[in-house]
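Please treat every number below as a calculation from the coordinates, not as lab data. It should be emphasised that the depicted structure is a prediction, and the values quoted were computed from it without experimental measurement. Every residue, glycine as well, gets a Cβ built from its backbone with ideal geometry; the counts of neighbours run over all protein chains shown.
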Amino acid sequence: MAHLEEVEGIVISVRKHRERDYLVKLFTDRYGKMMFFVRGTKNPNNKLKRAIQPFSHGTYIADIRDQGLSFLRDAKDIAPYSQVQLDIFKNAYATYACGLADAALEDRIPDFNLFSQLKDGLALMDELEEPEIILNIFEIRFLRYFGVMPELRGCVVCGKTEGAFDYSSKYNGLLCPEHYHEDERRYHASPKAIHFIRLFSVISFEKIGTISMSEQTKKDIRYVIDKLYEELVGLKLKSKRFIDHMHEWDGVLKRPEEPRKEE
C-alpha cells in the first residue's frame, strides 16, 4: 500500500542506479531512514536534482510504500549544508557522522530525537570551524544506539562524580584515582580527554561554540573514542579510514587556522 505525503528529511547518501536514476537515502522525521527511488535526475531541468544532493535538508513529497522502495516526487524548502558540501574536511566528518547514524539504527525505525540531533549537528558543522568536536559528540552519543554506552557519570566503584577519571574496559566505565588499582589495564588516558568525553555525552548543541581545546587534547580524545569503538562496537567505516589519513594533508589542503588558547 502506498500513500503520498510530506516528510522532513536529510539526504545522508546517494548512489547511481542504472543510467539515469538514483537511490537516495533520507533520514526522515517520522519514518526514520528510508531508501527512495528517484527517476531521471540527469535531466538538467529536473527539479529534484538539487534536492537530492548529499547533506541537503528540506521537505520531501514522497510516495511512501509499506514494502520495497518508496519514491520521491517533489521537494520544497531545500536548504543545503553548503559548507559541508564544499569543504573536504567538513564533508569527511559529516559523511562519517551520517554513516554512524545509518549503522546505529535500522531502516524504517522512527527516532525523532536522533533525527533532531543529526539535523542540529550538521548545521553546526556547516557553521563552525571545529567540525571534529561535533563528530566526537555524535560518536559518544551513538554508543547508546549500538547498545554499549559506558558509565560516564562517575566512578563505577565509589560513585564519585568530580575530579580526574580514567576509563576501564573491565568495568565498562570510569574509575577515579582512588580506584585506578582496580584495573591495571585501564586506558591511562588524559584526564582532560575524559573530561571532554563526559561533557560531550550531556552538553547541549547550543553551547558547542564555547568549547575550545588544544590539538593535543583533540588527539587524546580521538585515542579514547577510537579504543571505545574498537572494543565495544567493532565498526570501521570507510569514511573513518579517510578521516584517519587526513592529517597527512596538513599544509596541502588544510585551511589556515589561527592559534587558539585552550580553556
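For the reader, a short list of remarks on this structure follows.
- Between the range 132-198 and the range 80-112, the alpha-carbon center distance in angstrom: 25 Å
- Note on the chain: antiparallel DSSP beta bridges, both residues inside, total approximately 90 percent of the bridges counted.
- Of the GluC sites (Glu not before Pro) in the range 1-91, those whose Cβ has at most 11 other Cβ within 10 Å and which sit in DSSP loop: Glu19
- Full extension of the segment from Ser116 to Lys207, taken as 0.36 nm per residue of separation minus the current Cα-Cα distance, would add 31.2 nm.
- Summed side-chain charge close to Asp63 - residues other than Asp63 whose Cβ falls under 13 Å, Lys, Arg +1, Asp, Glu -1: -1
- Cα gyration tensor shape for the range 23-177, rounded if a/c is under 1.5, else prolate or oblate: prolate
- Most mobile of Arg73, Arg20, Arg30 in a GNM of the chain (Cα contacts under 10 Å): Arg20
- Between the beta carbons of Glu19 and Lys236, assuming R0 = 22 Å, the FRET efficiency works out to 0.10 to the nearest 0.05.
- Axis angle, to the nearest 10 degrees, between helix 88-104 and the longest C-alpha principal axis of the chain: 90 degrees.
- Full extension of the segment from Lys76 to Tyr145, taken as 0.36 nm per residue of separation minus the current Cα-Cα distance, would add 21.8 nm.
- Placed amide H near Arg30: partners under 5 Å, 5+ positions off or other chain: Glu8
- With respect to the chain, whose longest principal axis is taken over its alpha-carbon atoms, helix 215-228 is tilted by about 80°.
- Nearest 10 degrees, 0 to 90: helix 112-127 Cα axis against the chain principal axis: 80 degrees
- Candidates per GluC sites (Glu not before Pro) in the range 140-183, loop by DSSP, up to 14 other Cβ within 10 Å: Glu162
- When the convex hull of its Cα atoms is projected in every direction, mean area for the range 54-116 (nm²): 5.1 nm²
- Three-way shape label, the chain, alpha-carbon gyration tensor, a/c 1.5: prolate
- Of the trypsin sites (Lys or Arg not before Pro) in the range 183-235, those whose Cβ has at most 10 other Cβ within 10 Å and which sit in DSSP loop: Arg185
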